[in-house]
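Visitor: If you scroll down you'll find the structure; I have some questions about it.
What follows is calculated from the coordinates using simple rules that are stated; it is not laboratory data. Model, not experiment: these values are computed from the prediction. Note that each Cβ is placed from the backbone with ideal geometry, even for glycine, and that neighbours are counted across all protein chains shown.
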There are 2 protein chains.
Amino acid sequence: MPNFEHHVFVCTNSREPGSARGSCTLDGKGDLLPAFQAAAKEAGLKGKVRINKAGCLDQCEHGPTVVVYPEAVWYGRVTAGDVNEIVQQHLIGGQPVERLRLPDACVNTATCEHKPKPAAAPVVA
Amino acid sequence: MPNFEHHVFVCTNSREPGSARGSCTLDGKGDLLPAFQAAAKEAGLKGKVRINKAGCLDQCEHGPTVVVYPEAVWYGRVTAGDVNEIVQQHLIGGQPVERLRLPDACVNTATCEHKPKPAAAPVVA
């Protein structure tokens, strides 16, 4: 098999404390990556699905963030409690978990409802 | 734009010294990730292409390894000197750099010509 059926990238990045953008993990590790690895192994997906540690996926305001390729499905605010549902429904069943998907309007955009608004330009008298 | 045109994952994993599988970096950082980031920025790809740090992509024998999604093009033995060619020809021009591509027979397989052969089973008299 030349490629993984699904390649799951789990952001483990930790931004500086108090960052306005938020942070996918507090400690650069988090509990999401090991939860995905354990669930995929338990489901017999070794060799078919790769669960991968990733650096910053640049969707910090929606974190913890996960992206699944090659289908480019983005998930946001994922918790360890969501992992089995993603593994069973998406990675095995082929149906993304819609309640956790990031809307297109929120992915790779400069502004969205979750991102801090840019400061208004000062009024020069 | 909801998705990146290309999402480039650069393995920065460092295996234990002397590992038979090899290692994509010696220090967990390497020079490939910053080379890709600089070249993509210089080429004006910000917002279109994401250069991403990745943990082990599990193709260690062919490292340093890079995978580009959503097209799932795998590159092996990539050096910083190859980066501009990948950026210009693939990420901008849409044509993968064939001389650096990993053959399907080498990606996500238990054995290939670059991987250590499993030890033969001992002969029991």
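Visitor: To check you understand DSSP bridge types, tell me what percent of the beta bridges within region A:1-114 (both residues inside) are antiparallel, rounded to 5.
Guide: 55
Visitor: Restricting things to Cα coordinates, could you compute the convex hull volume per residue of region B:1-45 in Å³?
Guide: That works out to 81 Å³ per residue.
Visitor: Could I ask something else about it? Of the options A:LEU33, A:THR79, A:VAL68, report the single residue whose Cα projects farthest towards the positive end of the charge dipole of region A:33-109 (beta-carbon charges: Lys, Arg +1; Asp, Glu -1).
Guide: Checking the options against the dipole of region A:33-109, the answer is A:LEU33.
Visitor: Something else now. With springs only between Cα atoms under 10 Å, which of A:GLY28, A:GLY55, A:GLY18 fluctuates most in a Gaussian network model of chain A?
Guide: Comparing A:GLY28, A:GLY55, A:GLY18 in the GNM, the peak value goes to A:GLY18.
Visitor: Mind checking which aspartates and glutamates have their Cα closer than 16 Å to the Cα of B:LYS115? Skip sequence neighbours fewer than 8 apart in that chain.
Guide: B:ASP58, B:GLU61, B:ASP104
Visitor: On the first, second and third principal axes, largest extent first, how far apart are the outermost C-alpha atoms of region B:48-92 in Å?
Guide: So the extents along the principal axes, rounded to whole Å, are 28, 22, 16.
Visitor: Could you state the angle between the C-alpha long axis of helix B:32-42 and the longest principal axis of the C-alpha atoms of chain B, as a value from 0 to 90 degrees rounded to the nearest 10?
Guide: Tilt relative to chain B: about 20 degrees.
Visitor: Can you give the translational diffusion coefficient of the protein assembly as shown in µm²/s, computed by Stokes-Einstein from the Kirkwood radius over Cα pairs at 4 °C and 1.567 mPa s?
Guide: Rounded to a whole number, D works out at 67 µm²/s.
Visitor: Other chains near A:50-60: what is the mean number of their Cβ atoms within 10 Å of each residue's Cβ?
Guide: Average per residue, whole number: 5.
Visitor: Could you pull the copy-to-copy label distances for B:THR79, with points set 7 Å along Cα to Cβ, in nm to one decimal and sorted shortest first?
Guide: Inter-copy label distances (nm, one decimal, shortest first): 5.0.
Visitor: Sorted from shortest, what are the nm distances separating the label point of A:GLY18 from equivalent points in the other copies, each placed 7 Å from Cα along Cα to C-beta?
Guide: Ordered by increasing distance: 4.7 nm.
Visitor: Would you please report the Å³ per residue occupied by the convex hull of the alpha carbon atoms in region B:18-75?
Guide: So the per-residue Cα hull volume is 83 Å³.
Visitor: Taking the Cβ-Cβ separation of B:THR111 and B:LYS41 as r and a Förster radius of 35 Å, what is the calculated FRET efficiency to the nearest 0.05?
Guide: The calculated FRET efficiency here is 0.35.
Visitor: Oh, and also: Cα atoms only: what Rg and Dmax, in Å, come out for chain A?
Guide: Using the Cα atoms of chain A, the pair Rg, Dmax is 16.3, 67 Å.
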